[in-house]
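One structure below.
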Amino acid sequence: MLIRRARLPDDRVVDIRVDERIVEVADRLDPLDAEQAIDADAAVVLPGLHDHHLHLRAMAAALDSLVVGPPDVRTKAQLAQALKFAEPGPDGWIRAIGYHASVAGELDREQLDTLVAGAPVRIQHRSGAMWILNSAALTRVGLADHPDGRLHSADDWADALPRRVTALADITHRLAGYGVTGITDATPDLTADDVVTLSLAHKRGEIPQRLHFLAPGKRILHDDRLDVDELIGWVGDHHDGDVPVALHCVTLAQLVVALTALRSAGIHPQDRIEHAAVVPDDMIADLAEAGVTVVTQPNFVAERGEHYLRDVPTDDHPQLWRVASLLRAGIPLAASTDAPFGGMDPWSAMRAAVHRSTPGGEVLGLDERISAQEALRLFLGHPDRPSVPRTVDVGQPGDLIVLTPGADVETLASDMVATTIIGGRVS
Ligand SMILES: [Zn+2]
């Protein structure tokens, strides 16, 4: 297809011929026979956004799940109310997401039974790494004797949970509206079947975006079962098969163990650390020296900042969700939303990286703010090289977004995206 009168980041206005890749960029191109042409009307054209870490299946499930965490639900009474009026799905299950202990403490099966006795209920913790099931639900999945009903993603039970088949088209349509042309699914327990299912959905056009998977090299680390030697072996085994790893690090202990394991096993050029939610000053140089890519989520500052301000000691605030200091140290960096655990709008994540405003209007990590252009680049990387931005040049992927005429990129406003083009086709 042909995009006429497109404004490049250097302010030149050109015509762009785009297919799977960008074929031609010139002052003036004539349309070929039967070629689709759109007029950008001198609006800015950018590479499409890539969300480097999200969870498609969970996003689809979240569309029709009950939210039982802040800000929607903040107290035990509100939780009881929400569950009482919850509509079970067609399979009889009540699915709830977004739970946090600030609502009603560390929930277990017994407490949940007092709230809902009859229908099977599963509540997902907002970290995505833990579920709480009531007794009816535990019986349904063959775990009737489970002591507290608190199931961790590292345990081998996930396959027992019935999965809802949800149309992904809704999610991917919304993503295209934000200008997202590529996604990396970061779900650690994706099976070969899941990958095939998602790839087929991609083929059928339900997922028009370029699709990249972190599984099987994705691993969530848990503070209560960190084992450096075991992790060194696991990383080494993956590297032996030329499979990069992506280690999920949200605490300091997890980061220390992950970095130790990576240094000891050796680093694959595509290895990643997911989140790096806590990075003390003295670990920045270690990370830079290791050269491992960090994929972070500044949106959590805007979404959960109140909790951090309250629950994390003030002296540790500068360590949270760093961006500017990692860039300054030369650490390969990219951003993502972690949807559905974070909001799915990448522009809102970029604005969070620029302003670092919490929901209450305070600033968390003043020195970690970056410019709008830097924030944008964090979402322009290649799927397998997240820190290397794509550009609007011949030979680059044919994934572009056309902004509305007159839109100022610096505002990072979500509604600037007029047209999303993936592989030379309007999505
Ligand atoms: Zn995630």
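Structure summary
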| read-out | value |
| --- | --- |
| In the stretch 62-90, residue nearest to the ligand (Cβ to nearest atom) [restricted to those that are assigned to a helix (DSSP H, G or I) and open to solvent by 30 Å² or more (accessible area, probe 1.4 Å)] | Leu63 |
| Residue under evaluation Leu29, criteria (1) over 18 Å from Leu115 (Cα atoms); (2) hydrophobic (A, V, I, L, M, F, W, C); (3) not in a loop (DSSP other than H, G, I, E, B), criterion not met | (3) |
| Test: residue in the stretch 106-127 that is more than 16 Å from the ligand (Cβ to nearest atom) and in contact with a Pro (Cβ under 6 Å, 6 or more places away or on another chain) | yes |
| Candidate set: the stretch 169-195, residues that are modelled with pLDDT under 85 and either away from the ligand (no atom under 16 Å from the Cβ) or polar (S, T, N, Q) (or both); chosen: the one nearest to Arg219 (Cα to Cα) | Thr191 |
| The stretch 370-400 - residue that is over 21 Å from the mean Cα position of the chain (by Cα) and among the hydrophobic types (A, V, I, L, M, F, W, C) and, of those, surrounded by the most Cβ atoms within 10 Å (Cβ to Cβ) | Val392 |
| Test: residue in the stretch 108-117 that is at pLDDT 90 or above, under 16 Å from the mean Cα position of the chain (by Cα) and part of a loop (DSSP other than H, G, I, E, B) | no |
| Number of the condition not met by Gly342 [criteria: (1) touching a residue at least 60 places away in the same chain (Cβ under 8 Å); (2) crowded, with 21+ Cβ neighbours inside 10 Å; (3) small (Gly, Ala, Ser); (4) within 30 Å of Ala96 (Cα to Cα)] | (1) |
| Total residues in the stretch 287-302, condition open to solvent by 10 Å² or more (accessible area, probe 1.4 Å), of a type in the set (A, V, I, L, M) and either in contact (Cβ under 8 Å) with a residue 40 or more places away in the chain or not in a helix (DSSP H, G or I) (or both) | 2 |
| Filter result for Asp282 (free of Cβ contacts under 8 Å to residues at least 24 places away in the same chain, of a type outside the set (A, V, I, L, M, F, W, C) and over 22 Å from Arg377 (Cα atoms)) | yes |
| Members of the stretch 401-416 found to be part of a strand (DSSP E or B) and open to solvent by 20 Å² or more (accessible area, probe 1.4 Å), listed by number | none |
| Hits in the stretch 327-339 (condition: surrounded by 20 or more Cβ atoms within 10 Å (Cβ to Cβ) and either away from the ligand (no atom under 16 Å from the Cβ) or not in a loop (DSSP other than H, G, I, E, B) (or both)) | Ile331, Pro332, Leu333, Ala334, Ala335 |
| Residue check for Val13: of a type in the set (A, V, I, L, M, F, W, C) and surrounded by 21 or more Cβ atoms within 10 Å (Cβ to Cβ) | no |
| Conditions (1) closer than 21 Å to Pro340 by Cβ; (2) open to solvent by 20 Å² or more (accessible area, probe 1.4 Å); (3) touching a Gly at 6+ places or on another chain (Cβ under 9 Å): number failed by Gly182 | (2) |
| Selection within the stretch 258-275 - open to solvent by less than 20 Å² (accessible area, probe 1.4 Å) and over 22 Å from the mean Cα position of the chain (by Cα) | Ala261, Leu262 |
| Scan of the stretch 21-41 for residues that are in contact (Cβ under 8 Å) with a residue 60 or more places away in the chain and open to solvent by less than 30 Å² (accessible area, probe 1.4 Å), ordered by number | Ile22, Ala40 |
| Per-region count, the stretch 102-151, residues hydroxyl-bearing (Ser, Thr, Tyr) and closer than 24 Å to Leu221 by Cα | 2 |
| Meets criteria (within 30 Å of Arg272 (Cβ to Cβ), part of a strand (DSSP E or B) and among the aliphatic types (A, V, I, L, M)) for Ile16 | no |
| Hits in the stretch 188-243 (condition: in contact with a strand residue (DSSP E or B) (Cβ under 7 Å, 6 or more places away or on another chain), under 24 Å from Ser427 (Cβ atoms) and in a loop (DSSP other than H, G, I, E, B)) | Leu190, Pro208, Gln209, Leu214 |
| Out of Leu56, Leu49, sole residue that is open to solvent by less than 60 Å² (accessible area, probe 1.4 Å) and either within 16 Å of the ligand (Cβ to nearest atom) or free of Cβ contacts under 8 Å to residues at least 40 places away in the same chain (or both) | Leu56 |
| Subset tally (residues that are more than 14 Å from the ligand (Cβ to nearest atom), within 22 Å of the chain's Cα centre (by Cα) and either of a type in the set (D, E, K, R) or open to solvent by 20 Å² or more (accessible area, probe 1.4 Å) (or both)) for the stretch 223-252 | 5 |
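The values are calculated or read from the model by the stated rules, or taken from the named source; none is laboratory data. No experiment lies behind these values; they were computed from the predicted model shown. We place every Cβ from the backbone using ideal geometry, glycine too, and count neighbours over all the protein chains shown. Note: areas computed on protein heavy atoms with side chains; ligands, DNA, RNA excluded. Shrake-Rupley method; radii C 1.70, N 1.55, O 1.52, S 1.80 Å.
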